[in-house]
Amino acid sequence: GVNTKYGGKVDFLNSVPCGTLTQVLLDVFPPHGRISFFSLDVEGSEHLVLGKAIDLNRVFIEMFLIEVENSLCVKGQDCVSRNNVRRIMKDANYARFSNKIRESDVFIRRDSNLLAKAHKARWKESS
């Protein structure tokens, strides 16, 4: 058996397949990982998920809701994580809307039909 960190003992081990979040999304949402809505809230590590775990060139996510204010990123103060999220999403060709959901930014792909709907609803893009 194997002793665990918490004092327990496991008498068997199972192998499980592992992969990136990109590969999981492509497997679950074939053929091109097309997803209408994705909410991301990992307490200040959103930029790490976006920068390393999701390949936005391979997975088509029309709209993101991403938390950008928390105990690590206070509203009105400069925050590296928030700045990185916004840079990554801008570089991936997403429009940003910052005043729709408390503590979060909404990002919509510029080549998505949802962007025209947001503009028709008079959503104002953030710079």
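The values are calculated or read from the model by the stated rules, or taken from the named source; none is laboratory data. Since we're looking at a predicted model, the values are computed, not measured. Reconstructed Cβ throughout: ideal geometry from the backbone, glycine too, with neighbour counts over all protein chains shown. When the accessible area is computed, the model is the full protein with side chains, heavy atoms only, and any ligands, DNA or RNA have been set aside. Shrake-Rupley method; radii C 1.70, N 1.55, O 1.52, S 1.80 Å.
Descriptive notes on the structure:
- Qualifying residue in the range 32-52 (condition: more than 27 Å from Gly19 (Cβ to Cβ) and either not in a helix (DSSP H, G or I) or not small (Gly, Ala, Ser) (or both)): no
- One residue stands out in the range 1-58 among those that are in contact with a strand residue (DSSP E or B) (Cβ under 6 Å, 6 or more places away or on another chain) and among the aromatic types (Phe, Trp, Tyr): the one that is modelled with the lowest pLDDT, namely Phe29.
- One residue stands out among those in the range 83-101 that are more than 16 Å from His119 (Cβ to Cβ) and touching a residue at least 24 places away in the same chain (Cβ under 8 Å): the one that is surrounded by the most Cβ atoms within 10 Å (Cβ to Cβ), which is Val85.
- Selection status of Val74, assigned to a loop (DSSP other than H, G, I, E, B) and under 12 Å from the mean Cα position of the chain (by Cα): no
- Which listed residue, of Arg82, Arg96, Arg86, is part of a strand (DSSP E or B) and either more than 26 Å from Leu26 (Cβ to Cβ) or in contact with a strand residue (DSSP E or B) (Cβ under 8 Å, 6 or more places away or on another chain) (or both): Arg96
- Residues of the range 54-71 that turn out to be open to solvent by less than 30 Å² (accessible area, probe 1.4 Å) and in a strand (DSSP E or B), as a count: 5
- Pick from the range 35-53, criterion over 16 Å from Arg102 (Cα atoms) and small (Gly, Ala, Ser), ranking: surrounded by the fewest Cβ atoms within 10 Å (Cβ to Cβ): Ser36
- Scanning the range 102-125 for residues that are outside any helix (DSSP H, G or I) and surrounded by 14 or more Cβ atoms within 10 Å (Cβ to Cβ) gives Ser104, Asp105, Val106, Phe107, Ile108, Arg109, Ser112, Trp123.
- Filter pass, Glu69 being within 12 Å of the chain's Cα centre (by Cα) and either of a type in the set (Asp, Glu) or more than 19 Å from Ser127 (Cα to Cα) (or both): no
- Counted residues, the range 11-34 - those being surrounded by 14 or more Cβ atoms within 10 Å (Cβ to Cβ) and small (Gly, Ala, Ser): 1
- In the range 110-127, the residues that are in contact (Cβ under 8 Å) with a residue 40 or more places away in the chain form Cβ pairs under 7 Å with partners that are not small (Gly, Ala, Ser), at six or more places apart or across chains, as follows: Ser112/Glu62; Leu114/Glu62; Leu114/Met63; Leu114/Ile108.
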